[in-house]
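The values are calculated or read from the model by the stated rules, or taken from the named source; none is laboratory data. Computed from a predicted structure; not experimentally measured. Here Cβ is always computed from backbone atoms with ideal geometry, including for glycine, and neighbour counts include all displayed protein chains.
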Amino acid sequence: MSRDEVKIGVYICHCGGNISDRVDVAMVAEEAGKLPDVVISRTCMFMCADPGQELIAGDIERHGLNRIVVASCSPSLHETTFRSAVVRGGLNPFLYEHVNVREQVSWVHASGRDATAKATTLVRAAIARVRHHEPLSPIKVGASSRALVVGGGVAGLRAALDLAGFGLPVSLIEKSPKLGGRVEGLGTVFPAGESGAELIRTLVEQVSAADEITVLTRTHVTGATGYVGNFSVTVSRDTGNSSAIETEIKAGAVVVATGSTPYRPVEGEFGFVRFPEVVTLPDFLRILDQARSGGALTVNGRSIRRVAFIHCVGSRQIEGIHEPKPDCSLNLNCSRVCCTATLKAGSDLIERFPGTYVYDFYRDIRTYGRGHEEIYERASADGVVFLRYEVGAPPQVTEAAPGDAGSMLVTVRDSLTAGMEIEVAVDLVVLAVGMEPAEVGALAQTLKFPSGADGFLQEVHPKLRPVELAVAGVVLAGTCQSPRDIEESCASASAAAVKVAGLLTRGYVELEPFVARVSAERCEGAGACVSQCEYEGALKVVEAEVDGQTVRKAVVNGALCTGCGACVAVCPTRAIDISGWTLDEFEAMVDAICADPMEVAGD
Amino acid sequence: MSARADPTLMKEIGLFGAADVSACFNCGNCTAICPLSKGDTVFPRKVIRYLQLGLTGQLEESPEPWLCYYCGECSATCPREAHPGEIMMATRRWLISRYDWTGISRLLYTSKAWEIGLSLVLGLIVVMLFALLHGPVVTERVELNTFAPVPSIETADWIVAALMTFFLLTNAGRMFRFTMRGVKAGLSVYLSEISTFFVHMLFQKRWRECHGPKIHWLKHFLLVTGYLTMFFLVFVFLPWFQTDGWNVSSLFGYYATAVLLYGTVDAIIGRLRRREEIHKHSHHTDWMFLFLLFSIALTGILVHVFRVVGLPHATYYAYVIHLAVDAPWLILIVPFGKWSHLLYRPLGMYLVSVRARATSTAAAGGVVPNPV
């Protein structure tokens with residue numbers, strides 16, 4: 001397509017006022033309309049709504065447009081929407097340019113004049129850039145249909161089963177000798193109160209019965225290479241006699257279900273370690289699970305009549321109040337499940353061992369889930385006594401004097417009793433410890449998994465792509481992503497399985513075409529690009545015969561290239577470009593911005 | 001010094017009528033809505049909190065339950081249906097039993113059998129005393145003063161009154177000690193606030209600050225006037241009141257009877273209907289209180305009617321029954337039961353005002369002028 005045939009359509013969205021309340025959209029459209037090759041320049045109340053999309057498709061047909069620019073919200077919301085509209089109009093989806101005039105303009109500028117000026121400049125730049133757009137096609141790569149599930153807890157089991165349900169072969173690896181994870185030791189689990197062990201038994205039986213699933217226990221990942229559709233993951237299996245077997249698993253996608261570990265209080269934190277009467281909630285649940293109901297609960301031969309539960313241990317930590325870990329980090333997050341689990345444990349205790357008194361020391365009670373508030377109600381009806389502490393004044397756990405009603409004293413400034421200092425004698429102190437991410441290990445290191453400030457693996461977007469990791473082909477299931485209960489873990493595992501199935505059932509994967517490309521004429525095979533490339537196998541220099549001469553040329557593996565552009569910057573002959581993000585496009589944009597007569601100036 | 005939690009108190013308060021203290025999640029709506037809760041005496045939340053934690057000492061020292069007149073607005077607006085108004089009521093019962101050093105109060109409040117049994121025994125004792133000791137039975141005409149001579153009855157009256165006063169005052173003394181624990185107030189402070197006691201005792205002034213219809217206050221006020229009228233007739237003016245002829249004191253008797261009958265019947269109907277918050281919960285001691293008071297008024301007026309109509313036997317029988325219901329009232333309900341609120345409530349308000357004045361004086365005296 002030659003330059004003189006360029007016909008550009010420009011659309012400015014009101015976003016129902018979100019944009020037009022600040023930005024004079026009519027003026028932006030008018031300014032854009034004055035630019036060469038702009039055939040249509042319009043505004044629309046909602047571009048993303050059907051009439052807006054139809055406008056684009058219709059204009060392409062009516063006016064023979066071959067470049068489209070839409071100025072609206074963030075591209076992460078509607079870029080694909082408008083690309084589809086462009087396709088419906090009969091154009092290649094990559095002949096489209098998106099301008100964000102909402103998040104980056106109307107929402108962040110107070111002055112309407114400045115906002116309008118900035119929007120106009122950005123639209124100008126987009127128009128300048130879109131001229132250079134070429135039709136591109138997604139990169140199609142053959143994909144292995146096997147899914148690798150890492151972690152055999154409740155989320156891993158759920159994901160493996162769902163994947164098997166799609167007919168996909170699954171490798172399920174678990175580093176411990178046994179499938180099941182943490183759920184097994186929880187006793188009965190909320191909200192319905194079924195047995196965690198029973199739940200796991202059912203899942204494990206189903207997994208064992210599924211022909212599609214290969215289970216490898218005592219197995220951990222030692223390294224991984226490849227890309228979506230074609231991962232190669234090496235795993236090491238501990239055979240039990242101090243030797244390990246290394247195997248390679250070829251998988252099209254990876255489900256990470258590595259879970260979490262309970263926070264381990266430091267010595268002395270609420271008397272932990274110092275007093276044997278101080279235990280963590282998971283420990284207590286195990287004790288409760290194994291105890292016979294009736295009479296008094298017995299722990300280490302001692303009869304337990306009064307129990308204190310302390311919430312938020314190792315969760316919702318605050319700088320300056322809580323002791324940071326050796327790596328200077330704090331657990332800022334709420335662990336979400338401990339409130340309901342604690343209340344349920346208190347209720348179970350009272351109901352199974354009548355006459356036991358339960359004191360609940362909390363910062364806040366967050367029984368957020370369906371059926372969780374009922375557990376709070378039950379605890380309250382069972383007579384659990386609640387005491388509230390402020391974050392800066394946590395309960396103090398000390399030894400009681402001999403002959404007291406309990407062996408431990410928990411003292412708190414109770415904000416429910418006007419900050420009065422209350423002392424409770426108890427036989428056992430249970431610390432409701434939070435969740436910390438489990439070590440993901442070599443898999444995370446070799447495939448470069450991103451994690452959030454809290455250390456949990458981080459999805460691309462909490463709402464738009466909630467189970468996908470930024471590494472294409474890797475999805476998240478369960479508590480490796482954030483603290484969550486069994487229900488939520490299973491839901492995310494099922495979602496992850498569907499995501500993987502969508503990817504692998506076609507036999508190939510489509511990758512974005514924004515990858516490096518090499519101009520054979522300009523490339524002199526210097527290799528600066530290769531040494532700069534972060535992604536193994538994405539770029540290499542090969543020898544080729546040109547006119548009877550052996551020359552060195554850089555070659556790109558589109559499946560492995562992420563389009564980061566590091567190679568572009570170092571090429572001495574300007575032989576490398578990123579498709580869709582070429583240097584010519586950047587120059588055109590910069591020129592357009594610099595040439596803009598409507599300067600963005602402060603009042 | 002921290003306060004010690006005691007998990008058994010919540011169960012104990014249940015015996016006094018607070019069904020579900022643990023339902024409360026301490027939001028404080030009750031305290032916010034209560035027009036009487038202000039300044040240093042905030043309730044019901046604090047009281048409920050003491051109950052939940054089992055802070056027996058703090059609760060004993062709390063005059064707050066006596067400051068509540070149970071309009072029931074807190075119960076009506078409680079998001080957890082914990083019935084804070086009734087919890088306050090139960091706490092008053094509990095406090096009465098804590099003030100009482102004999103343990104009889106506790107027995108009556110926590111056991112229906114003891115309450116009914118002791119009442120019956122006392123009634124029977126009265127009947128037996130009359131069977132053995134009554135005067136000549138004149139059958140030609142009604143001669144009540146021959147059957148039951150005023151001097152004997154008056155002597156019995158005063159013996160009972162002395163006993164009742166002794167128990168009431170010693171219990172009130174304990175209330176005083178509990179409430180004023182750790183408070184230092186000079187005699188002048190006590191004297192300066194003394195009017196508070198009488199104003200509240202006679203007029204229940206504070207009740208008028210409650211939201212809702214003032215009719216509850218008015219009915220109660222009339223009942224008080226009727227009761228006090230009857231009290232003075234029996235304990236001071238008996239020689240005039242218990243007459244076989246006509247005396248002007250009868251007019252006062254009519255008033256008292258009318259008011260007592262109306263007040264008790266109205267309350268009984270209210271408690272049976274259970275429409276208003278104040279009537280929704282009835283402890284067995286509430287029923288006993290109303291039953292005895294109603295019976296006293298009814299048998300009293302029957303004695304009068306039978307005498308006026310000229311039915312000697314009916315008059316004498318009615319008189320014996322009248323005294324048989326009087327006995328458990330005077331001996332049980334007055335010093336150990338619900339009646340004692342007549343003393344504790346104004347005393348509570350009085351002590352609160354003494355305490356407030358004592359602390360404000362101490363604070364004012366403690367101010368050191370800033371040297372800078």
Among the residues of the range A:344-352, is there at least one that is more than 27 Å from the chain's Cα centre (by Cα), among the β-branched types (V, I, T) and surrounded by fewer than 17 Cβ atoms within 10 Å (Cβ to Cβ)?
no
When the range B:220-249 is checked residue by residue, the ones that are surrounded by fewer than 16 Cβ atoms within 10 Å (Cβ to Cβ) and either small (G, A, S) or not assigned by TED's automatic domain parsing to the domain that holds B:M164 (or both) are B:G245
If we take the range A:8-121, then strands (runs of 3 or more DSSP E) inside it with 3 or more residues that are touching a Cys at 6+ places or on another chain (Cβ under 8 Å) are A:8-13, A:67-72
In the range A:306-336, anything of a type in the set (V, I, T) and either out of contact with any strand residue (DSSP E or B) (no Cβ under 7 Å at 6 or more places or on another chain) or surrounded by fewer than 20 Cβ atoms within 10 Å (Cβ to Cβ) (or both) is listed as A:I318, A:I321
From the option list B:L59, B:L51, single residue qualifying as within 11 Å of chain A (Cβ to nearest Cβ), assigned to a helix (DSSP H, G or I) and closer than 18 Å to B:E86 by Cβ is B:L51
Filtering the range A:499-516 down to residues that are surrounded by fewer than 16 Cβ atoms within 10 Å (Cβ to Cβ) and outside any loop (DSSP other than H, G, I, E, B) yields A:G502, A:Y508, A:E510
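Being hydrophobic (A, V, I, L, M, F, W, C), in contact with a Cys (Cβ under 8 Å, 6 or more places away or on another chain) and more than 9 Å from chain A (Cβ to nearest Cβ): is that true of B:A82 here? Spell out the reasoning first.
Working: hydrophobic (A, V, I, L, M, F, W, C): yes; in contact with a Cys (Cβ under 8 Å, 6 or more places away or on another chain): yes; more than 9 Å from chain A (Cβ to nearest Cβ): yes.
Yes; evaluated as a whole, the condition is true for this residue.
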Considering every residue within the range A:528-541, establish whether at least one is farther than 24 Å from A:I173 by Cβ, part of a helix (DSSP H, G or I) and of a type in the set (S, T, N, Q). yes
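Look at B:R93 and say whether it is among the basic types (K, R), surrounded by fewer than 19 Cβ atoms within 10 Å (Cβ to Cβ) and either farther than 22 Å from B:A356 by Cα or away from chain A (no Cβ under 14 Å) (or both). Working first, answer last.
On the way: among the basic types (K, R): yes; surrounded by fewer than 19 Cβ atoms within 10 Å (Cβ to Cβ): no; either farther than 22 Å from B:A356 by Cα or away from chain A (no Cβ under 14 Å) (or both): yes.
The answer is no for B:R93.
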The correct count of residues that are away from every other protein chain (no Cβ under 11 Å) and assigned to a helix (DSSP H, G or I) in the range B:32-46 is 2
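Output the residues belonging to the range A:347-384 that are assigned to a strand (DSSP E or B) and among the aromatic types (F, W, Y). Reasoning before the result, please.
Taking the range A:347-384 first, the residues assigned to a strand (DSSP E or B) are A:357-362.
Hits for the range A:347-384 are A:Y357, A:Y359, A:F361, A:Y362.
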Are any of the residues in the range A:434-450 at pLDDT below 90, closer than 25 Å to A:H220 by Cβ and buried (at least 22 other Cβ atoms within 10 Å of the Cβ)?
yes
If we keep only residues of the range A:390-406 that are more than 12 Å from chain B (Cβ to nearest Cβ) and assigned to a strand (DSSP E or B), then the residue farthest from A:S303 (Cα to Cα) is A:V397
Residue set A:S106, A:S74, A:S111; condition surrounded by 16 or more Cβ atoms within 10 Å (Cβ to Cβ), small (G, A, S) and either assigned by TED's automatic domain parsing to the domain that holds A:I249 or on the phi < 0 side of the Ramachandran plot (or both); output residue A:S106
Filter the range B:171-219 for residues that are over 18 Å from the mean Cα position of the chain (by Cα) and among the small types (G, A, S); the one that is surrounded by the fewest Cβ atoms within 10 Å (Cβ to Cβ) is B:G182
Only one of A:L416, A:L387, A:L409, A:L431 is within 14 Å of another protein chain (Cβ to nearest Cβ), touching a helix residue (DSSP H, G or I) at 6+ places or on another chain (Cβ under 7 Å) and part of a strand (DSSP E or B), namely A:L387
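Would you tally the residues in the range A:29-84 being among the basic types (K, R) and under 19 Å from A:A115 (Cα atoms)?
1
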The range A:196-302: strands (runs of 3 or more DSSP E) wholly inside it with 1 or more residues that are under 28 Å from the mean Cα position of the chain (by Cα) and either of a type in the set (A, V, I, L, M) or closer than 26 Å to A:L179 by Cβ (or both) are A:213-216, A:219-227, A:230-238, A:244-251, A:253-256, A:260-262
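Is at least one residue of the range B:3-16 buried (at least 17 other Cβ atoms within 10 Å of the Cβ), charged (D, E, K, R), over 24 Å from the mean Cα position of the chain (by Cα) and within 8 Å of another protein chain (Cβ to nearest Cβ)? I'd like the intermediate steps shown before the answer.
Taking the range B:3-16 and keeping what is buried (at least 17 other Cβ atoms within 10 Å of the Cβ), we get B:3-7, B:9-10, B:12-13, B:16.
With the extra rule that they be charged (D, E, K, R), the set shrinks to B:4, B:6, B:12.
Checking the rest, the ones that are also over 24 Å from the mean Cα position of the chain (by Cα) come to B:4, B:6.
After this cut, where a residue has to be within 8 Å of another protein chain (Cβ to nearest Cβ) as well, the list is B:4.
For the range B:3-16, residues buried (at least 17 other Cβ atoms within 10 Å of the Cβ), charged (D, E, K, R), over 24 Å from the mean Cα position of the chain (by Cα) and within 8 Å of another protein chain (Cβ to nearest Cβ): present.
Could you tell me whether B:A23 is touching a strand residue (DSSP E or B) at 6+ places or on another chain (Cβ under 7 Å) and more than 21 Å from B:R355 (Cα to Cα)? Full working, then the answer.
On the way: touching a strand residue (DSSP E or B) at 6+ places or on another chain (Cβ under 7 Å): no; more than 21 Å from B:R355 (Cα to Cα): yes.
Spelling it out, it is not the case that B:A23 is touching a strand residue (DSSP E or B) at 6+ places or on another chain (Cβ under 7 Å) and more than 21 Å from B:R355 (Cα to Cα).
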In the range A:398-417, anything crowded, with 19+ Cβ neighbours inside 10 Å, in contact with an Asp or Glu (Cβ under 9 Å, 6 or more places away or on another chain) and hydrophobic (A, V, I, L, M, F, W, C) is listed as A:M408, A:L409, A:V410, A:V412
When the range A:4-56 is checked residue by residue, the ones that are more than 21 Å from A:A85 (Cα to Cα) and among the basic types (K, R) are A:R22, A:K34
The residue from B:L292, B:L272 that alone is free of Cβ contacts under 8 Å to residues at least 24 places away in the same chain and in the same structural domain as B:M230 (by TED's automatic domain parsing) is B:L272
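Whether any residue in the range A:574-590 is over 21 Å from A:P135 (Cα atoms), modelled with pLDDT of 95 or more and not acidic (D, E) is what I want to check. Break it down stepwise before answering.
To start, the set of residues in the range A:574-590 that are over 21 Å from A:P135 (Cα atoms) comprises A:574, A:590.
Then keep just the ones that are modelled with pLDDT of 95 or more; that gives A:590.
Still in the list and also not acidic (D, E): A:590.
Yes, some residue in the range A:574-590 is over 21 Å from A:P135 (Cα atoms), modelled with pLDDT of 95 or more and not acidic (D, E).
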B:G365 passes all but one of the listed conditions (1) closer than 29 Å to B:L95 by Cβ; (2) modelled with pLDDT under 95; (3) among the small types (G, A, S); the exception is number (1)
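How many of the residues making up the range A:545-567 are in a strand (DSSP E or B) and loosely packed, with under 13 Cβ neighbours inside 10 Å?
Of the residues in the range A:545-567, the ones in a strand (DSSP E or B) are A:545-546, A:549-556.
Next, only the ones that are loosely packed, with under 13 Cβ neighbours inside 10 Å stay: A:545-546, A:549-550.
Total meeting the criteria: 4.
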